[in-house]
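Working notes, beginning with the structure itself.
The values are calculated or read from the model by the stated rules, or taken from the named source; none is laboratory data. Since we're looking at a predicted model, the values are computed, not measured. Here the Cβ positions follow ideal geometry from the backbone for every residue, glycine too, while neighbour counts run over all protein chains shown. Just the protein is used for accessible areas: all its heavy atoms, side chains included, with ligands, DNA and RNA removed. Shrake-Rupley method; radii C 1.70, N 1.55, O 1.52, S 1.80 Å.
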Amino acid sequence: MDITSIHNWYERAVFNEVMAQAEAFPHLKGNDDVLADIACVALNRLPPRYIRHDVDLAFFQTERERTDNERAVVEAVEFAMGFVQARNAMRARG
């Protein structure tokens, strides 16, 4: 059984959104550890959506489900950005 094509649809969506939102925070550019932390926090706020091929999800989703999923990704990343930056600021203080 070949399972190498199975993946969580949210992973790529979250990674892309993290990079898009990081544009507004120049101090995050090139800080791969912080960006990875942000992606992890965001992914943990979303339910897993395992698929074999991205087209599978697109084919079976309604337009509303697609819009809801995209909004959920944006909101999860926004939360994660604030959370990780606040935690890092607290650590820096002492």
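Tell me yes or no: at least one residue of the range 3-12 is closer than 30 Å to ALA92 by Cα and surrounded by 10 or more Cβ atoms within 10 Å (Cβ to Cβ). Talk me through it step by step, then tell me what you get.
Step one: filter the range 3-12 for residues closer than 30 Å to ALA92 by Cα, giving 11.
Restricting the remaining residues to those that are surrounded by 10 or more Cβ atoms within 10 Å (Cβ to Cβ) gives 11.
Checked the range 3-12: at least one residue is closer than 30 Å to ALA92 by Cα and surrounded by 10 or more Cβ atoms within 10 Å (Cβ to Cβ).
Being more than 30 Å from ARG91 (Cβ to Cβ), open to solvent by 40 Å² or more (accessible area, probe 1.4 Å) and not aliphatic (A, V, I, L, M), is that true of even one residue in the range 16-35? Full working, then the answer.
Of the range 16-35, the ones more than 30 Å from ARG91 (Cβ to Cβ) are none.
No, every residue in the range 16-35 fails to be more than 30 Å from ARG91 (Cβ to Cβ), open to solvent by 40 Å² or more (accessible area, probe 1.4 Å) and not aliphatic (A, V, I, L, M).
Assuming ALA89 fulfils every condition listed in (1) open to solvent by 50 Å² or more (accessible area, probe 1.4 Å); (2) without any contact (Cβ under 8 Å) to a residue 24 or more places away in the chain; (3) aliphatic (A, V, I, L, M) apart from one, which condition is it?
That leaves (1) as the condition not met.
Across the range 37-63, what is the total count of residues that are open to solvent by 50 Å² or more (accessible area, probe 1.4 Å) and farther than 14 Å from GLU75 by Cβ?
Step one: filter the range 37-63 for residues open to solvent by 50 Å² or more (accessible area, probe 1.4 Å), giving 37, 40, 44-45, 47-50, 52-56, 58-60, 62-63.
Subsequent filtering for residues that are farther than 14 Å from GLU75 by Cβ retains 37, 40, 48-50, 52-56, 58-60, 62-63.
The number of residues fulfilling the criteria is 15.
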